[in-house]
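Remarks on the structure that follows.
Derivation of every value follows stated rules applied to the coordinates shown; laboratory data play no part. Because the structure is predicted, anything quoted here is derived from the model rather than measured. Note: ideal-geometry Cβ built from the backbone for every residue, glycine included; neighbour counts use all protein chains shown.
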Amino acid sequence: MEKKIGFAIMLMMVMVLGSFGRAAAGVDPQPFRAEINKLHSIELTVAAINKRLAMLDGLATLPEGLENHLRATARQMDVVSARMAETLAALPVPSPASPYRGQDEVVLSLDGIKLDVGRISDIINRIAARMGVDPTPFKIGSIKIIEDIDFHLVPILSEGSALFQ
């Protein structure tokens, strides 16, 4: 009987120490890691769109079918805008008083996205002017992304931060 009790105690110690080892392995839970990864993905997508449009803007003569290309880019920005809205809805609103884990990374990613989207908007303005067309239909998704970022960061902006000013 004592062997069974001793064996049970040893088994419980192994189980407790085994789970403690995993908990103490230095892996901190990050509750918003998936959303932060989505923001990085959005940032990379927007940077790729920006690079592609900058290449077109640098051409001496605009290629045939560029208006269709701008329409396709506008549809792509609409998809990015929907992903952005979904991701921002899952994140808490940033607060300078009580930041959440990963808040700095979120704010930096949003800053990068906003800068690239602003550049995309500027490039579309230049290309549309060269084509002689109204740029507004091509920029609706870009405008929505910038508005969503500004709205999400209102608490930080209202605290007098120089970010996005």
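Observations on the model:
- FRET efficiency, 1/(1 + (r/R0)^6) with R0 30 Å, evaluated for TYR100 and THR136 via beta carbons: 0.25
- Per-peptide average of other Cβ atoms within 10 Å, ordering 140-153, 61-74, 81-94 highest first: 140-153, 81-94, 61-74
- Rounded to the nearest 0.05, the FRET efficiency derived from the C-beta distance between GLU86 and ASN125 at R0 = 22 Å is 0.20.
- Counting charges near ASP57 (Lys, Arg +1; Asp, Glu -1) among other residues having Cβ under 15 Å from its Cβ returns a value of +3.
- Under Karplus coefficients 6.51, -1.76 and 1.60, residue-wise ³J(HN,Hα) of the range 100-109 in Hz, glycine/proline x: 8, 5, x, 4, 4, 5, 5, 5, 5, 5
- In this rough spin-label picture, where each label sits 7 Å from Cα along the Cβ direction, the MET12-ILE143 distance is 6.8 nm.
- Using a Förster distance of 22 Å, the FRET efficiency for VAL154-ALA34 (Cβ separation, nearest 0.05): 0.40
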